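The values are calculated or read from the model by the stated rules, or taken from the named source; none is laboratory data. All values derive from a computational prediction rather than experimental measurement. As a convention, Cβ positions derive from the backbone with ideal geometry for all residues, glycine included, and neighbour counts pool all protein chains shown.
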Amino acid sequence: MKKEKFDWHEFFSANLGKVMANQMACAEHVVKDRNWGLDLQRGVISFGEDEFTAQFLGGESNSAETWLWGWENINNFPDKILTFARKIKAIGEELDAEPLTTAEIELDDDFNGHTLSIVSVAVSKEKVCYYRGPHDGGAIFVVFSDVPEEVFAPVDAPAFAQITMQSIQSFDVDHKIFIEGFLKQNGTKYEWQGDSVIAKFESGGDLAIDFEKADDGKIFRIAGIKNV
């Protein structure tokens, strides 16, 4: 049987919501607008006085305008901080996902440190967050673990609506795939009623997510979100 080709846009759309929810919770409960520090020899990232186990994922270069995966290891970093990046490459080879197996990638709206980190976190299925650390020549991206479990908790209806609007304004996604993927990973029951998704949150409060249709009759974008 021929393996189905990996659809980057579809996968990104389906997983963006949950990763964004985790990242926002991590910013609130872990980062807290504190100064950050990174010790790659020890494999730790710090926020204030708190330290977390870190892995080097990759970096953006301002001069070359490219992303370089950490597994390429041009800086001869210790193997222990490249385990995650190498895992992502191995998964990419299994999925035939070219962006995960191409050492250097030109930066654009679709492929950059944020989008590549989001997909990496999603395909890994690990409870990790990522962080972008800017420096004079660009930015370094790491993933880190040992964060509080509450970072990965389901979000309520107001947070879901906020994350949804922020995500679709910031990234190119399939709105229908985004909503269904986010709801499923959030553990939220939902049903279609015509051109709307009715989502029922355990914490109380239901949302109606209304969609618009294209000329061919296919649902293609969110028209509005409201409480019901």
> Across segment 27-49, which residue is farthest from the chain's Cα centre (by Cα) among those that are of a type outside the set (A, V, I, L, M, F, W, C) and assigned to a strand (DSSP E or B)?
Replying inline: ASP39
> Quick check: anything in segment 194-217 in a loop (DSSP other than H, G, I, E, B), closer than 21 Å to ALA14 by Cβ and touching a residue at least 24 places away in the same chain (Cβ under 8 Å)?
Replying inline: yes
>> Which count do you get for residues in segment 173-202 that are within 20 Å of LYS218 (Cα to Cα), acidic (Asp, Glu) and either over 23 Å from the mean Cα position of the chain (by Cα) or surrounded by fewer than 15 Cβ atoms within 10 Å (Cβ to Cβ) (or both)?
In response: 2
> Looking at (1) under 27 Å from VAL44 (Cβ atoms); (2) surrounded by fewer than 20 Cβ atoms within 10 Å (Cβ to Cβ), which is the one condition that is false for ASP110?
Replying inline: (1)
>> So the check is Cβ under 6 Å with 6+ separation or different chains; which pairs have a first residue in segment 61-76 that's closer than 11 Å to GLY137 by Cα and a second one that's buried (at least 17 other Cβ atoms within 10 Å of the Cβ) and at pLDDT 95 or above?
In response: SER61/GLY138; ASN62/GLY138; GLU65/LEU107
> Could we say that ASP216 is surrounded by fewer than 19 Cβ atoms within 10 Å (Cβ to Cβ), outside the structural domain of THR83 (by TED's automatic domain parsing), out of contact with any strand residue (DSSP E or B) (no Cβ under 8 Å at 6 or more places or on another chain) and acidic (Asp, Glu) here?
Replying inline: yes
> Identify, please: which residue in segment 142-154 is among the hydrophobic types (A, V, I, L, M, F, W, C) and either surrounded by fewer than 23 Cβ atoms within 10 Å (Cβ to Cβ) or at pLDDT below 95 (or both) and is, among those, farthest from THR188 (Cα to Cα)?
Replying inline: VAL147
>> Looking at ALA208 and the list (1) surrounded by 17 or more Cβ atoms within 10 Å (Cβ to Cβ); (2) over 22 Å from the mean Cα position of the chain (by Cα), which single condition is not satisfied?
In response: (1)
> Counting only residues that are farther than 24 Å from PHE152 by Cα and either of a type in the set (A, V, I, L, M) or in contact with an Asp or Glu (Cβ under 6 Å, 6 or more places away or on another chain) (or both), how many does segment 178-207 have?
Replying inline: 1
>> For segment 50-63, which positions are closer than 22 Å to LYS89 by Cα and either more than 22 Å from the chain's Cα centre (by Cα) or not in a strand (DSSP E or B) (or both)?
In response: none
>> Exactly one of these conditions fails for ASP136: (1) under 18 Å from the mean Cα position of the chain (by Cα); (2) of a type in the set (D, E, K, R); (3) closer than 26 Å to GLN55 by Cβ. Give me its number.
In response: (1)
>> Looking at segment 155-164 only, could you name the residues that are under 15 Å from the mean Cα position of the chain (by Cα) and surrounded by fewer than 16 Cβ atoms within 10 Å (Cβ to Cβ)?
In response: none
>> Just the residues that are assigned to a loop (DSSP other than H, G, I, E, B) and of a type in the set (Lys, Arg), please, taken from segment 1-26.
In response: LYS2, LYS3, LYS5
